[in-house]
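Colleague: Handing you this structure, nothing more for now.
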Amino acid sequence: MKRALYLAFFLAIVSALAGGALTLANDLTIDRINANKVAADKANLELIYPGAEFLPIEGFDDETGLIQNIYQAGDAGYVYKLAVNGFSGSGSIEFMVAFGTDGKIAGYTVISCSDTKGIGDKVASDSFVNSIVGKDVGASIDTISGSTVSSSAVVGGIDAAVAHYEANLK
Amino acid sequence: MENKKPNFLQSLILENPVFVLYLGICSILGVSTSLDNALGMSLLVFVVLLFSNIIVSLLRKITPNEIRIPVYIVIIATLVSVAEMFIKAYATSLYTSMGAFISLVVVNCIILGRAEACASKNNVLTSIKDACVMGAGYAVAIFSLSAIRQFLAEGGLSLSNPLNLATIFKFTVLPEEFAIGLFSKPVGAFITFGILAAVFAAYKQGYEAKQAAAAKKAKEAK
């Protein structure tokens, strides 16, 4: 009995020290990690609207849970960052889609895609990008045959962004 | 000639944790697609191995035998999580390309294996030396695997500084149409791994045969 208590006590001490070390490391790095996140988004935002002033929109309502971030790009339009569930599961495709104030889709870029190489990653192909950019906001977008799961997920994400855009920001 | 101990370079091959002991293969197969990953992974494994060996060795007299494995796991998991946070903060691109394999270092058999086999029985100095040999062995393994895979899959090699992404060197030899994409996929990892393991085994066999021959000769001379 005494031995068992000692074992539990020893493990508890080790775990407590480990917890302390983790908290310390977290405090040291958390600011930089968050800054990296915003900086990473900025680089992708610049691809769509070079040189624009980006303003994150806080506290948006999204029932689908797909929208990660929304940025206002000056008076040129809005950029949505989404993570959709492609072939490799939850959030496997991250992309940005931009709606211009002229009512057209101003940009679409895939940030990361962990779906199958050569199949699912066609959602980042030039032909798919070109089939989206320039369309009217809300127009239907064709999926890619041979990459149905991944491209449907992307189209579903764009639809969610359109729905949010038309209801709140347009 | 006396039956001398293998020198440092030889022991990297003869006692290579990956190709001879077959430990830690999961991360090796997973991330050995480029030299950048190889550099990041070998540094990470070395740092975690070094600190876990030091801490385990320091605690070896007070760690109760019954719960030594959970204690080691807590220590290793903490070290890996701390390392992961720092990689996320200071080398984001490395974090993106290594992904889940960073966390998987927690269950890397080399680290737990060395904690159990060496650090829990030896003093700090021996444990540090052991971490250096094993860490270097891991680096040899992942660099050789990555170099072959990247060369065949991309037609050339490149290495960049993980902290600021500055290119250290980059060259392309094979024209793009001769690059074999297969080698960037898991299949390529297994093929390359098998061939390299065979080469290491062949060297080890040759070395042991030579040792045996030398021992026999010494006996006859007597």
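The values are calculated or read from the model by the stated rules, or taken from the named source; none is laboratory data. In this text, all values refer to a predicted model and were calculated from it rather than measured experimentally. Here the Cβ positions follow ideal geometry from the backbone for every residue, glycine too, while neighbour counts run over all protein chains shown. Please note that ligands, DNA and RNA were not included when accessible areas were found on the heavy atoms of the full protein model with its side chains. Shrake-Rupley method; radii C 1.70, N 1.55, O 1.52, S 1.80 Å.
Colleague: Could you tell me what % of all Cα pairs in the stretch A:1-123 have separations over 22 Å?
Modeller: Value for the stretch A:1-123 (Cα pairs over 22 Å): 55 percent.
Colleague: Once the dipole of the protein assembly as shown is set up with Lys and Arg at +1 and Asp and Glu at -1 on Cβ about the Cα centre, which of A:VAL149, A:GLY120, B:THR167 lies farthest towards its positive end?
Modeller: Sorting the options by dipole projection puts first B:THR167.
Colleague: Quick check: at a probe of 1.4 Å, how many percent of the accessible area of the stretch B:1-134 sits on carbon and sulfur atoms?
Modeller: 68 percent
Colleague: Continuing with this model, one more query. Which order do B:THR126, A:THR64, A:THR29 take when ranked by solvent-accessible area (1.4 Å probe, heavy atoms of all protein chains), largest first?
Modeller: A:THR64, B:THR126, A:THR29
Colleague: I would also like to ask the following. What's the extension gain from A:LEU169 to A:ARG32 if we count 0.36 nm per residue and subtract their Cα-Cα distance?
Modeller: That pair, A:LEU169 and A:ARG32, stretches by 46.2 nm at full extension.
Colleague: Using 10 Å bins from zero, what percent of all Cα-Cα pairs in the stretch B:126-215 falls into each bin?
Modeller: Histogramming the stretch B:126-215 at 10 Å steps yields 14, 30, 33, 17, 6, 0 percent.
Colleague: Shape call for the stretch A:52-169 from the C-alpha gyration tensor, a ≥ b ≥ c root eigenvalues: rounded (a/c under 1.5), prolate (a/b greater than b/c) or oblate?
Modeller: The shape class here is prolate.
Colleague: What's the extension gain from B:GLU116 to B:TYR207 if we count 0.36 nm per residue and subtract their Cα-Cα distance?
Modeller: Between B:GLU116 and B:TYR207, full extension yields an extra 30.0 nm.
Colleague: From zero outward in steps of 5 Å, how is the percent of C-alpha pairs of the stretch B:8-221 spread across the bins?
Modeller: Histogram of Cα-Cα distances, whole percents per bin: 1, 7, 13, 16, 17, 15, 12, 8, 5, 3, 2, 1, 0.
Colleague: Taking every pair of alpha-carbon atoms in the stretch B:59-112, what share in percent sits in each 5 Å bin, from 0 to the bin with the longest distance?
Modeller: The distribution over the stretch B:59-112 is 4, 19, 24, 19, 14, 8, 6, 4, 0, given as percents.
Colleague: Can you give the mean number of other chain Cβ atoms that lie within 10 Å of the Cβ atoms in peptide A:23-34?
Modeller: Whole-number average of other-chain Cβ neighbours for A:23-34 is 4.
Colleague: At a 10 angstrom cut-off on C-beta neighbours, averaged per residue, how do the peptides B:46-52, A:70-76, B:60-66 rank from highest to lowest?
Modeller: Taking the mean over residues of other Cβ atoms within 10 Å, the ranking is B:46-52, A:70-76, B:60-66.
Colleague: Under 16 Å from a point 7 Å along the Cα-to-Cβ line of B:PHE8: which residues of the stretch B:115-153 have their amide N that close?
Modeller: B:126-140
Colleague: Would you mind giving the total buried accessible surface between chains A and B, with a 1.4 Å probe and ligands, DNA and RNA left out, rounded to the nearest 100 Å²?
Modeller: In total, chains A and B hide about 1700 Å² from solvent.
Colleague: Put one equal scatterer on each alpha carbon of the protein assembly as shown, apply the Debye formula with no solvent term, and list log10 I(q)/I(0) at q = 0.08, 0.09, 0.10, 0.13 1/Å to two decimals.
Modeller: Calculated log10 I(q)/I(0) at the listed q: -0.58, -0.71, -0.84, -1.16.
Colleague: By its C-alpha gyration tensor, with a ≥ b ≥ c as the square roots of the eigenvalues, how is the stretch B:79-191 shaped: rounded for a/c under 1.5, else prolate for a/b larger than b/c, else oblate?
Modeller: Taking the square roots of the gyration eigenvalues as a ≥ b ≥ c, the stretch B:79-191 is prolate.
Colleague: Moving to a separate point now. Relative contact order of chain B: what whole-number percent is it, with Cα pairs under 8 angstrom and at least 6 residues apart?
Modeller: Dividing the mean separation by the residue count of chain B yields 32 percent.
Colleague: Counting heavy atoms of the protein chains only and a 1.4 Å probe, report the per residue accessible area for the stretch B:123-206 as a whole number of Å².
Modeller: Ligands and nucleic acids excluded, the figure is 54 Å² per residue.
Colleague: Using alpha carbons only, how many angstrom separate the centre of the stretch A:119-149 from the centre of the stretch B:80-102?
Modeller: With the stretch A:119-149 and the stretch B:80-102 each reduced to a Cα centre, they are spaced 32 Å.
Colleague: Skipping prolines and chain starts, which residues have an amide H placed within reach, meaning under 5 Å, of the one on A:VAL137, given they are 5 or more residues away or on another chain?
Modeller: Long-range HN contacts for A:VAL137: A:LYS104, A:ILE105.
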